[in-house]
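Engineer: After the structure tokens below, expect a handful of questions from me.
The values are calculated or read from the model by the stated rules, or taken from the named source; none is laboratory data. If you're wondering where the values come from, they're calculated on a predicted model, not measured in any experiment. We place every Cβ from the backbone using ideal geometry, glycine too, and count neighbours over all the protein chains shown.
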């Protein structure tokens, strides 16, 4: 699966993933009103607003970015109607040719991790019939439970040509509380990074592995070290834009060939229509999102050229 | 919320939580056939079988145990129909007076963790109306992302009188890969345990905190140390029974007053009907489950008396 993602990155020239993390506050009032009128001022109405908002974004970016990353928490907050929107969003993005990274941060022990892996990346067999439950292309995985928790995902990746990104160093301010603690003189995230590289050798797909890593744009120096520790891991980089990361912070995550990293922006793109920077789009969600992708692409390109 | 759980533990005399982790292999053929005939040999049929199987268990144990712990991964594997069964199971257990611990192992950064917290423990407000999405009483939480990831859960616990159990030392064989690594001479799980105690002081409810910990029955020596490090944390103990933990392994998790721990068994109870030990129940799922609860209760009581 990573080779498919790389193909799409190369054909769009954009190492960018758009985070589809809707919130009611990001959605224009007239669209919300319409959805509440259709489905009620309730979870169904909010989930419908998420769906129509996502569709507007997707229709305007699908040809300029390789991938999207819906954050399942936003949908799960709305319960079953929200998760129906999550599923519809995944399906629609795939129809549009986008690679879908399910930002699910799951992780459990053995057979329980297997259930998550099967539900999100694999196939369920019932009386000999095969079904796909959520069917993302990639999923993010939490490593705290160790290999038992991660390997069931890798097995499914190998069986179904899918991929994962394992949390190594997250973008949030308190990520260092445990991740930076020194073990034999080295931070925990480096040890997790070494395991990601090892796990990845079990699922190679071209020059890179289907087992990638999550490393926050907010920690560029750590990104540099992790880039070296995990030569075969694609790095999914959150934290660009709204969380403070800039183009120049990103260069360390990329290899010399310009590959090796894909940068996420969520609010910076899906809520661009609310930003003063995009006021000329007059509240047009899709057009502002497309313009914000262009600005982000140029920011990253410029930073990579200047290094 | 922890005080409500303790009341139920005291009134049933059983520091036991039944893991509602259905698998098709645990469900009798005739029940599966009936559900497939009703809903089809598909995800809906499997989810219906999970629901009817759960109901049979719940109807036979609700008066002898304080709590249940549905593992959401099993339901998520079946996609939307599975999650509908998860929600129905939570609702039905609460109607029956059971405390529901959602074994969701979620954890993300800031506002994303907040979405999980609101979706599972809190209330969503839409145009001034309030909705509960999944509405468990407790949720399990993964600490790898640090305080940013955990505090949004604690805020919801305080607002809505709910609780969490934070993963500290998990029951699986490879849990030591990261959790046991030494930091300044002490394993990571002890540092996480110290944070759990600190976090917990923000959500006290009687002598214990709404912030508890998960520590596997398979690591009784570590349980002893963690019991001391986290005097206000209730410990949720998985790994009893099928994973190898026995009553005598559990004593370290309890305080002298007989409180402080609640032990989970999943397969050992819900699949008891398949075990030779319960062959006299002739495949009756509910009666075998009830008998297995009694055996487990006596095992724990005996071990606590013998210490």
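Engineer: Check off (1) surrounded by fewer than 23 Cβ atoms within 10 Å (Cβ to Cβ); (2) over 19 Å from residue B:167 (Cβ atoms); (3) touching a strand residue (DSSP E or B) at 6+ places or on another chain (Cβ under 9 Å) for residue B:270 and give me the number that stays unchecked.
Structural biologist: (1)
Engineer: Just name the residue that is nearest to the chain's Cα centre (by Cα) out of those in segment A:198-223 that are surrounded by 19 or more Cβ atoms within 10 Å (Cβ to Cβ), farther than 26 Å from residue A:246 by Cα and more than 13 Å from every other protein chain (Cβ to nearest Cβ).
Structural biologist: Ranking the qualifying residues of segment A:198-223, first place goes to A:210.
Engineer: Of the conditions (1) closer than 28 Å to residue A:42 by Cβ; (2) within 12 Å of another protein chain (Cβ to nearest Cβ); (3) assigned to a helix (DSSP H, G or I), residue B:94 clears all except one; give me its number.
Structural biologist: In the conditions (1) closer than 28 Å to residue A:42 by Cβ; (2) within 12 Å of another protein chain (Cβ to nearest Cβ); (3) assigned to a helix (DSSP H, G or I), residue B:94 misses (2) alone.
Yes/no matrix, rows are residues, columns are (1) in a loop (DSSP other than H, G, I, E, B); (2) more than 23 Å from residue A:103 (Cβ to Cβ); (3) modelled with pLDDT of 95 or more; (4) out of contact with any strand residue (DSSP E or B) (no Cβ under 8 Å at 6 or more places or on another chain):
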residue	(1), (2), (3), (4)
A:217	yes, no, no, no
A:221	no, yes, no, yes
A:228	no, yes, yes, yes
A:242	no, no, no, no
A:264	no, no, yes, no
A:278	no, yes, yes, yes
A:288	no, no, yes, yes
A:296	no, no, yes, no
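Engineer: Taking segment A:157-178, which residues are within 14 Å of chain B (Cβ to nearest Cβ), more than 16 Å from the chain's Cα centre (by Cα) and buried (at least 24 other Cβ atoms within 10 Å of the Cβ)?
Structural biologist: Hit for segment A:157-178 is A:175, nothing else.
Engineer: Taking residue A:139 as meeting all but one of (1) surrounded by fewer than 24 Cβ atoms within 10 Å (Cβ to Cβ); (2) assigned to a strand (DSSP E or B); (3) touching a helix residue (DSSP H, G or I) at 6+ places or on another chain (Cβ under 6 Å), write down the number of the exception.
Structural biologist: Here residue A:139 clears every test but (1).
Engineer: Go through (1) over 17 Å from the mean Cα position of the chain (by Cα); (2) within 14 Å of chain A (Cβ to nearest Cβ) and name the single condition residue B:107 misses.
Structural biologist: (1)
Engineer: A further question follows. When you look at residue A:22, is it at negative phi, within 11 Å of another protein chain (Cβ to nearest Cβ) and not in a helix (DSSP H, G or I), yes or no?
Structural biologist: Against the criterion (at negative phi, within 11 Å of another protein chain (Cβ to nearest Cβ) and not in a helix (DSSP H, G or I)), residue A:22 qualifies.
Engineer: Okay, next question. If residue B:3 satisfies all but one of (1) crowded, with 17+ Cβ neighbours inside 10 Å; (2) more than 12 Å from chain A (Cβ to nearest Cβ); (3) in a helix (DSSP H, G or I), what's the number of the condition it fails?
Structural biologist: Among (1) crowded, with 17+ Cβ neighbours inside 10 Å; (2) more than 12 Å from chain A (Cβ to nearest Cβ); (3) in a helix (DSSP H, G or I), residue B:3 violates only (1).
Engineer: Which of the residues belonging to segment B:172-185 are closer than 17 Å to residue A:143 by Cβ and not in a helix (DSSP H, G or I)?
Structural biologist: B:172, B:180, B:181, B:183 - these are the residues of segment B:172-185 that are closer than 17 Å to residue A:143 by Cβ and not in a helix (DSSP H, G or I).
Engineer: Still on this structure, please answer the following. What residue, among those in segment A:123-136 that are closer than 28 Å to residue A:234 by Cβ and more than 7 Å from chain B (Cβ to nearest Cβ), is surrounded by the most Cβ atoms within 10 Å (Cβ to Cβ)?
Structural biologist: Restricting to residues being closer than 28 Å to residue A:234 by Cβ and more than 7 Å from chain B (Cβ to nearest Cβ), the top hit is A:136.
Engineer: Which one of these is farther than 20 Å from residue B:141 by Cα and surrounded by 21 or more Cβ atoms within 10 Å (Cβ to Cβ): B:236, B:250, B:226, B:188?
Structural biologist: So the residue among B:236, B:250, B:226, B:188 that is farther than 20 Å from residue B:141 by Cα and surrounded by 21 or more Cβ atoms within 10 Å (Cβ to Cβ) is B:250.
Engineer: What are the pairs with Cβ atoms under 7 angstrom where one residue, in segment A:276-296, is in contact (Cβ under 8 Å) with a residue 24 or more places away in the chain and the other, located anywhere, is surrounded by fewer than 18 Cβ atoms within 10 Å (Cβ to Cβ)? Sequence gap at least six, or different chains.
Structural biologist: A:283/A:28; A:285/A:28; A:286/A:59; A:290/A:64; A:293/A:64
Engineer: Being within 23 Å of residue A:298 (Cβ to Cβ) and without any contact (Cβ under 8 Å) to a residue 60 or more places away in the chain is the filter; apply it to segment A:57-73 and report the residue that is nearest to the other protein chains (Cβ to nearest Cβ).
Structural biologist: Top of the filtered list is A:68.
Engineer: Scan segment B:145-156 residue by residue and report those that are surrounded by fewer than 24 Cβ atoms within 10 Å (Cβ to Cβ) and either facing chain A (nearest Cβ under 8 Å) or free of Cβ contacts under 8 Å to residues at least 24 places away in the same chain (or both).
Structural biologist: The answer is B:146, B:147, B:148.
Engineer: If you don't mind, another one. Here is a list of conditions, (1) within 7 Å of chain A (Cβ to nearest Cβ); (2) over 18 Å from residue B:228 (Cβ atoms), and residue B:188 meets all of them except one; can you say which number that is?
Structural biologist: Unmet for residue B:188, out of (1) within 7 Å of chain A (Cβ to nearest Cβ); (2) over 18 Å from residue B:228 (Cβ atoms): (2).
Engineer: With at pLDDT 95 or above and away from chain A (no Cβ under 11 Å) as the only criterion, which of B:112, B:140, B:89 stands out?
Structural biologist: Unique residue meeting the criteria: B:89.
Engineer: Name the pairs: first residue in segment B:28-56 and within 14 Å of residue B:286 (Cβ to Cβ), second residue outside any helix (DSSP H, G or I), Cβ to Cβ under 8 Å, at least 6 apart or on different chains?
Structural biologist: Filtered contacts from segment B:28-56: B:28/B:283; B:53/B:22; B:53/B:27; B:54/B:20; B:54/B:22; B:54/B:70.
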